């Protein structure tokens, strides 16, 4: 198995990506390849006594501020486009990037193409719940989603939960503003009917307040809603963490400090991106995982491990099989 | 000034509402009237040595599980409908309810009617930021909102921020999935153009991660998005608070306990519903404040104070004036 990693995308620079790649390469069976500015990557690689990593030079980079469509079309020599081409050509089995999410989605749509029968690709993110994780999708690949597309997201999410989260008959729900069937906007009400009549284990609507409680294994929504919910939730968790950290700093009591530091660490361990390894792009012909831009090396490593599990699971063949009927 | 309070709606029963009403009645100039099951309310009132509160009997109640439209149409003798009729007939100046938000919006739409020129009424909620509050609207009164309606929400929110939050030239933003003008769904992109060409102090888009940072004074979105963001955010804050409280309980160190209890209390004081007194219904001919169903007496009291400030501010005349041009 070969996994290509876009070394240039992350907010924290290639140094962090390289460290995560080295850690992953020690664990997975197969090869990890880095694409990016070769001299910079090589420099960071020398810090680690680990010679097995191939580096492919890419002189251009796409950053967080680039417009995805323009950047992907114009920067043919960017690390992302070069990595995507390796995936398209079958040189590698999966791609991992900590870069501009929109650019990854755009590049995948252009180069990999959609799986036959899939209307639009979708980004899914595992969100922490008291008992584990729920899969939330779409979190930003699609806006102005139609009911049929929400249904397809539900199918892909359900297959993912089965094959990769070990859930036999995943409970699927629509994110809505009320539990009753007639609640919500036009598209969600239409999607309710489609899901109710589908082969999925559809449990109805869940509300915002239930999102992090794990009532459903797969929660489906339009990408506009999913993106805003995900980002605002992260922001709240961060503010509170920041607030408590400042208080800890000020406390002169060592016992208080130690206790709080441990409690906070435990709480955020489960909600931290670095633990679940990023967002999963579903519906295209190829495995792509987008790590959070601010990921530490552990997040990069976990994304690579997630990508390798996706490849091994053959989830894309399952999606293809489902939609070919 | 007279303010009517629906005594029956809250999750915590009329006892809590009565306590909040008594506390408010001591502070405001004017009268507070309670509507609900008279014998129950009178019983709770006897706990307080405060004879000034009038009680109007209403044998029916609308609860959280009632369908708003059906309940408002059928339960003519409910505390909410009777209270709303007092407001419509000019017997009182404002209404406060801790009940079913949808029912309050529906009853207000049916009985009070919209302010001339306003397409749809909207629910606004002050959300905590590091420097104070931002006003988020709509949080659930309207779904499938059109661009013109989002523009109107922005106008009403901006007038509210001016008249009631003391902000001279409120910064208005659209909640979106990116900062650039072309980001987001069709309706939001159209609303961007309307706002850009308006007389408002429009600062562009804010993302989910900026929502609680106070970048804008007024943040506008469709009610489907606003409701889900608000409820999921509350849920996260609650989970973390719960988690920390459990850890505090288990700690045997008294200093740690005291420190943590104080820190948590301070943090949640600002984000607590009871401090800002509920959601504000804007765009109808009458002042209605909906307190969170789980509000403590302090929340009820603060909602009554908010309602009294709304009446004094004349915000509805300002809204009418704006849309009459």
* What residue, among those in the range B:190-206 that are surrounded by fewer than 20 Cβ atoms within 10 Å (Cβ to Cβ) and in contact with a strand residue (DSSP E or B) (Cβ under 8 Å, 6 or more places away or on another chain), is farthest from the other protein chains (Cβ to nearest Cβ)? -> B:201
* **Selection status of residue A:90, in a loop (DSSP other than H, G, I, E, B), in the same structural domain as residue A:302 (by TED's automatic domain parsing) and modelled with pLDDT of 95 or more** => yes
* To do: State yes or no: is residue A:147 out of contact with any helix residue (DSSP H, G or I) (no Cβ under 6 Å at 6 or more places or on another chain) and assigned by TED's automatic domain parsing to the domain that holds residue A:209?
  => no
* Might you check whether a residue that is surrounded by fewer than 21 Cβ atoms within 10 Å (Cβ to Cβ) and free of Cβ contacts under 8 Å to residues at least 60 places away in the same chain occurs anywhere in the range A:94-110? => yes
* Filtered residues of the range A:163-189 (kept if in contact (Cβ under 8 Å) with a residue 40 or more places away in the chain and either in a loop (DSSP other than H, G, I, E, B) or more than 10 Å from chain B (Cβ to nearest Cβ) (or both)) -> A:163, A:164, A:165, A:167, A:170, A:171, A:172, A:173, A:174
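The values are calculated or read from the model by the stated rules, or taken from the named source; none is laboratory data. None of the values given here were measured: they were computed from a predicted structure. Using ideal geometry, Cβ is built from the backbone for each residue, glycine included, and neighbour counts are taken over all protein chains shown.
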